[in-house]
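See structure below.
The values are calculated or read from the model by the stated rules, or taken from the named source; none is laboratory data. All values reported here derive from a predicted model rather than from experimental measurement. With ideal geometry, Cβ positions are generated from the backbone for all residues, glycine too; neighbour counts draw on all protein chains shown. Ligands, DNA and RNA are stripped out before the accessible areas are found, and what is left, the full protein with its side chains, is counted by its heavy atoms. Shrake-Rupley method; radii C 1.70, N 1.55, O 1.52, S 1.80 Å.
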Amino acid sequence: MKNINETLEKILQKVTPLIGQGKTAAYIPALANINPNQLGIAICDINGKVYSAGDANTPFSIQSICKVFTLSLALKIYDSDIWQRVGREPSGQKFNSLIQLESEQGIPRNPFINAGALLICDMLESRCSAPNYQLLELLRKLSGNYRIKTDAKVARSEMQHSARNAAVAYLMKSYQNFDNNVETVLESYAHHCAIEMNCIELAKASIYLANKGSSLDSKVQVLSAEHVKKVNAVLATCGLYDASGDFAFRVGLPGKSGVGGGIIAIIPGRYSVCVWSPELNEAGNSLAGTAALELLSQALDSSVF
Ligand code: GLN
């Protein structure tokens, strides 16, 4: 690729007209009021070179993108035992759906829907002395920014509207698949979702998924190469909720979205990417962000399929 920066600028220009056609996440009031006219993209290669365009330096709420990093922390502790308590099948349902928990006896479909992520937080709570601190420390080390923190206002706003996530957690508890105090785990989850990072930091932080589990400076082996393959497989099939099939079709990369409008995508062996634009489509994924990744994947000829 001759001039990646130029390509990124062009992609952003092309998708800008989509702004105005989606909706910011209304169910968390602190996220609903964000300025929708923001769009940024960053790519990091496995040698640490970063390319970016647009609002790539503006911090945003990472929301469900945190689920990739909490799963990675949990895999390190529990190894493959994780898969006894959470599945690895796409749900085909909204990210905060309860329906399948009832029919599947409290076992969440995958670690990237809310039920699965809450379960992973419960597992971390059982075995980590300070899971919130450990997650922040991991993100700080991987991104190289030691000032990354949680936006307390967003975390509070999510806690004030957490009835559905509480219902999900209690349903799992009723099936004996949730060990800790529900409120404690909900607080921890809300703190993870409310972490603020920008596109450049998130692209750098997720490079281990393109780089056999290793951080850019090789100081942190976040996961084994074997686990990375598995996490990428689950990202490719489940990372964009009930739009995972469409994302595989259009973009063809392992990816994870959040209702803050961020999406990370992995080009195995080559790049990690983060795109951000706050307005979401029906499935809760960034509208302009998905379109930008589709164009980028074409430009880099990087679909894994
Ligand atoms: N904090 C959000 C929630 O639990 C995260 C969801 C998301 O980003 N899809 O509802």
Counted residues, the range 243-256 - those being under 21 Å from residue 24 (Cβ atoms) and more than 11 Å from the ligand (Cβ to nearest atom): 4
For the range 18-41, give me the residue count where each residue is within 16 Å of the ligand (Cβ to nearest atom), in contact (Cβ under 8 Å) with a residue 40 or more places away in the chain and not in a loop (DSSP other than H, G, I, E, B). 4
Subset of the range 71-106 [within 16 Å of residue 241 (Cα to Cα), over 19 Å from the mean Cα position of the chain (by Cα) and polar (S, T, N, Q)]: 100
Scanning the range 265-295 residue by residue, the ones that are among the hydrophobic types (A, V, I, L, M, F, W, C), modelled with pLDDT of 95 or more and within 12 Å of the ligand (Cβ to nearest atom) total 1
Let me confirm something: among 234, 182, 259, which residue is within 16 Å of the ligand (Cβ to nearest atom) and free of Cβ contacts under 8 Å to residues at least 24 places away in the same chain? 182
Given 15, 68, 50, which one is of a type outside the set (Lys, Arg), touching a residue at least 12 places away in the same chain (Cβ under 8 Å) and within 16 Å of the ligand (Cβ to nearest atom)? 68
Working only within the range 219-246, note down all residues that are at pLDDT 95 or above, among the β-branched types (Val, Ile, Thr) and over 13 Å from residue 71 (Cα atoms). 237
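Residue-wise test of (1) out of contact with any Pro (no Cβ under 7 Å at 6 or more places or on another chain); (2) surrounded by fewer than 24 Cβ atoms within 10 Å (Cβ to Cβ); (3) of a type outside the set (Ser, Thr, Tyr); (4) not in a loop (DSSP other than H, G, I, E, B).
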{"position": "273", "(1), (2), (3), (4)": "yes, no, yes, yes"}
{"position": "278", "(1), (2), (3), (4)": "no, no, yes, no"}
{"position": "292", "(1), (2), (3), (4)": "yes, no, yes, yes"}
{"position": "299", "(1), (2), (3), (4)": "yes, yes, yes, yes"}
{"position": "302", "(1), (2), (3), (4)": "yes, yes, no, no"}
Helices (runs of 4 or more DSSP H) completely within the range 117-222 that count 3 or more residues being open to solvent by 10 Å² or more (accessible area, probe 1.4 Å) and small (Gly, Ala, Ser): 163-174
Among the residues of the range 94-145, write down those that are within 14 Å of the ligand (Cβ to nearest atom), of a type in the set (Val, Ile, Thr) and in contact with a Phe, Trp or Tyr (Cβ under 8 Å, 6 or more places away or on another chain). 113
Which members of the range 31-80 meet the condition of being acidic (Asp, Glu) and open to solvent by less than 40 Å² (accessible area, probe 1.4 Å)? 45
